[in-house]
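A quick write-up on the structure given underneath.
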Amino acid sequence: MVVIEKHKGIYVLRDDLLLGGTKSVLMPYILNDRSVEEWVYASPVCGGFQIALSAWCKKEGLKATIFCAKRKKKHANTERCIELGANVKEIP
């Protein structure tokens, strides 16, 4: 859900409240091919698109596969993608 707040006369898009940030707003326009059942993305672990993609696929009943760097301790974004049901492949 997009949250817009007015602060001292300025309208502010609160992308910090969106799962995956502003990129999540673009999902219906980027991923509009309904014949695709699985979306695959190679991501830096610090990127927000992987979270937006994972959340979108969960919402739409699609599969998401995320390739990212393997770390000794999983990055918080990697953990979030897993929580959202994405198939995460960590590459050494």
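A few comments on the model shown:
- When the range 61-87 is limited to residues that are open to solvent by 40 Å² or more (accessible area, probe 1.4 Å) and closer than 22 Å to D16 by Cα, the one that is farthest from the chain's Cα centre (by Cα) turns out to be K74.
- Filter pass, E90 being loosely packed, with under 14 Cβ neighbours inside 10 Å and either modelled with pLDDT under 95 or out of contact with any Pro (no Cβ under 6 Å at 6 or more places or on another chain) (or both): no
- Any chance K6 is farther than 19 Å from T78 by Cα, modelled with pLDDT of 85 or more and open to solvent by 80 Å² or more (accessible area, probe 1.4 Å): yes
- In summary, Y41 fulfils each of the numbered conditions (1) open to solvent by less than 60 Å² (accessible area, probe 1.4 Å); (2) of a type outside the set (D, E); (3) under 25 Å from I91 (Cα atoms) with the single exception of condition (1).
- Flag for Y29 being part of a strand (DSSP E or B) and among the hydroxyl-bearing types (S, T, Y): no
The values are calculated or read from the model by the stated rules, or taken from the named source; none is laboratory data. Quantities reported herein were computed from a predicted structural model and do not represent experimental measurements. We place every Cβ from the backbone using ideal geometry, glycine too, and count neighbours over all the protein chains shown. Accessible surface areas use protein heavy atoms only, side chains included; no ligands, DNA or RNA. Shrake-Rupley method; radii C 1.70, N 1.55, O 1.52, S 1.80 Å.
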